[in-house]
1. If you scan the stretch 108-150, which residues turn out to be among the acidic types (Asp, Glu) and either modelled with pLDDT under 80 or touching a helix residue (DSSP H, G or I) at 6+ places or on another chain (Cβ under 7 Å) (or both)?
2. Residue under question is Asp93, and the condition is that it be open to solvent by 90 Å² or more (accessible area, probe 1.4 Å), touching a residue at least 12 places away in the same chain (Cβ under 8 Å) and over 16 Å from the mean Cα position of the chain (by Cα); does it hold?
3. Take the residues of the stretch 82-113 that are assigned to a helix (DSSP H, G or I) and hydroxyl-bearing (Ser, Thr, Tyr): which is farthest from Arg61 (Cα to Cα)?
4. Test Gly31 against the stated conditions and say whether it is surrounded by 11 or more Cβ atoms within 10 Å (Cβ to Cβ) and on the phi > 0 side of the Ramachandran plot.
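The values are calculated or read from the model by the stated rules, or taken from the named source; none is laboratory data. These figures come from a predicted structure and were not determined experimentally. In this analysis, Cβ positions are derived from the backbone assuming ideal geometry, glycine residues included, and neighbour counts consider all displayed protein chains. Note: accessible area is taken over every heavy atom of the protein model, side chains too, but ligands, DNA and RNA are not part of it. Shrake-Rupley method; radii C 1.70, N 1.55, O 1.52, S 1.80 Å.
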Amino acid sequence: MSAPSPYHRIGDAARLSGVPAANIRYYEKEGLLPAQARADNRYRLYSDDEIHRLRFIRLCRAMDMSLEEVRTLLSLGRGPGSAADHAACATVDEHLLHVRTRLHELQGLEAQLLSLRGRCDGADGSPCRVIDALHARADAQPLPSPEPLARRHV
């Protein structure tokens, strides 16, 4: 018997990292993973370190970090007590600001939805006015500005 390979094909890398194969290819294309070694049959091969890197990317993306934020954190390397620690903190602080902004937006959305839901209590057999309220709001919306809207964080 031959010794097991220290490398994993993409399907095994996906299973071991929890990152779908399509996302692995995308992360490689975006430069979050280095170009992969290839077997003689041209299959991509991933090392245990690259599996860890994929897990790291998955964790950051689960925290809603942008690809640029993930790229920044990956570039900092590992090891305590360096300037990288401060750069990592700055990246997390910036992301926290985005999260807080989004939380504020979601709280406003929640208030709008609760107000809309209040149009249909159904308690006294009165007709539900949710659709009417949505149409009224659509008509009251200002026309979009010709300027491009601010880009979303993620």
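1. Let us first name the residues in the stretch 108-150 that are among the acidic types (Asp, Glu), namely 110, 121, 124, 132, 139, 147.
Passing the criteria: Asp121, Asp124, Glu147.
2. Details: open to solvent by 90 Å² or more (accessible area, probe 1.4 Å): yes; touching a residue at least 12 places away in the same chain (Cβ under 8 Å): no; over 16 Å from the mean Cα position of the chain (by Cα): yes.
No.
3. Within the stretch 82-113, the subset assigned to a helix (DSSP H, G or I) is 83-113.
If we keep only those that are hydroxyl-bearing (Ser, Thr, Tyr) as well, we get 91, 101.
Working: Thr91: 14, Thr101: 18 Å.
That would be Thr101.
4. Numbers: surrounded by 11 or more Cβ atoms within 10 Å (Cβ to Cβ): yes; on the phi > 0 side of the Ramachandran plot: yes.
When the stated conditions are applied, Gly31 passes them.
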